[in-house]
Amino acid sequence: MPEFLYLASQSPRRSQLLQQIGVRHEILVANTDGDIQEDAEAIEVVLPGEAPRDYVQRVTGLKLDAAVARLQRRGLPVAPVLTSDTTVALGTEILGKPADAQDAKAMLRKISGQTHEVLTAVAVQHGAQRLQTLSVSKVRFMPMTEAQIDAYVASGEPFGKAGSYGVQGLAAAMIEHMDGSYSGIMGLPVFETAQLLRQIGWKL
């Protein structure tokens, strides 16, 4: 059984969810300076006509590629590497992280009173073994007024989050219904992640 894994994500929510199920881990952060800079934004570019489910799984795989290469470059101790990516889809439209306040407001107007999908892909690599899974959940927001949208964006919570909201924060007061994985909507589906880890020999 591996002693620990590398989490290639700076999301505090993903780290908390791994802690919740007793998985010891270290954060494997991306290079932001030096000779090799990793362009996370380029990885997350949507390809023309790409379906949301294909997109989130492709991006997760690319993040894992980058993380494994990062581990090898730094000469760190060998351990499994885990990555995850979450996107929000309204039909075939992908709602990523908002660029600014106006973008966040536009996304929130779109999902107001609507049911959308939250797609979270998880991938792990342990030696030559690579496994990936996809969690699909449905979320319905109540119809929101402009004042409610403005106040929520002013809170700062939408920024850095797919679909411009965080289910574990203030947005919970506006969500009418959820169907699927609450932890998946947060950013790391615990059950599906545990299943992947069991397959690489982790005892949970």
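The values are calculated or read from the model by the stated rules, or taken from the named source; none is laboratory data. Every value quoted in this text rests on a predicted model; they were computed, and no experiment measured them. A quick note on method: Cβ atoms are made from the backbone with ideal geometry, for glycine too, and the neighbour counts reach across all protein chains shown. All accessible areas refer to the heavy atoms of the entire protein, side chains included, with ligands and DNA or RNA removed. Shrake-Rupley method; radii C 1.70, N 1.55, O 1.52, S 1.80 Å.
If you rank H25, H126 by how much accessible surface each has, with a 1.4 Å probe, what is the order from largest down? Mind showing how you got there, number by number?
Working: H25 35, H126 65 Å².
Output order, biggest surface exposure first: H126, H25.
Given a 1.4 Å probe and the protein chains as shown, D150 ends up with an accessible area of around 60 Å². In whole percent, how big is the carbon plus sulfur part of the accessible area of segment 5-200, probe 1.4 Å, protein atoms only? C and S atoms contribute 51 percent here. Using the 1.4 Å probe convention, the accessible area of the chain works out to 49 Å² per residue with neighbouring protein chains retained. Since only S135, I149, Q168 are under comparison, the one whose Cα sits farthest along the positive direction of the charge dipole of the chain, derived from C-beta charges on Lys, Arg, Asp and Glu, is S135.
Near T133, within a Cβ-to-Cβ distance under 14 Å, what is the net charge of the other residues, with Lys and Arg +1 and Asp and Glu -1?
Numbers: positive: R53, R130, R198; negative: D85, E192.
Computed value for this residue: +1.
Quick test of the membrane-span-like rule: which DSSP H helices of the chain reach at least 24 Å along their long axis (C-alpha atoms) with mean Kyte hydropathy at least 0.0? Intermediate results must be reported in sequence, preceding the final value.
Working: long enough: 52-74 (33 Å, -0.65).
None pass (Cα extent of 24 Å or more, hydropathy at least 0.0).
Rolled with a 1.4 Å probe across the full set of protein chains, the surface gives M186 an accessible area near 30 Å².
The figure for R24 is an accessible area of roughly 130 square angstrom, using a 1.4 Å probe on the protein chains alone.
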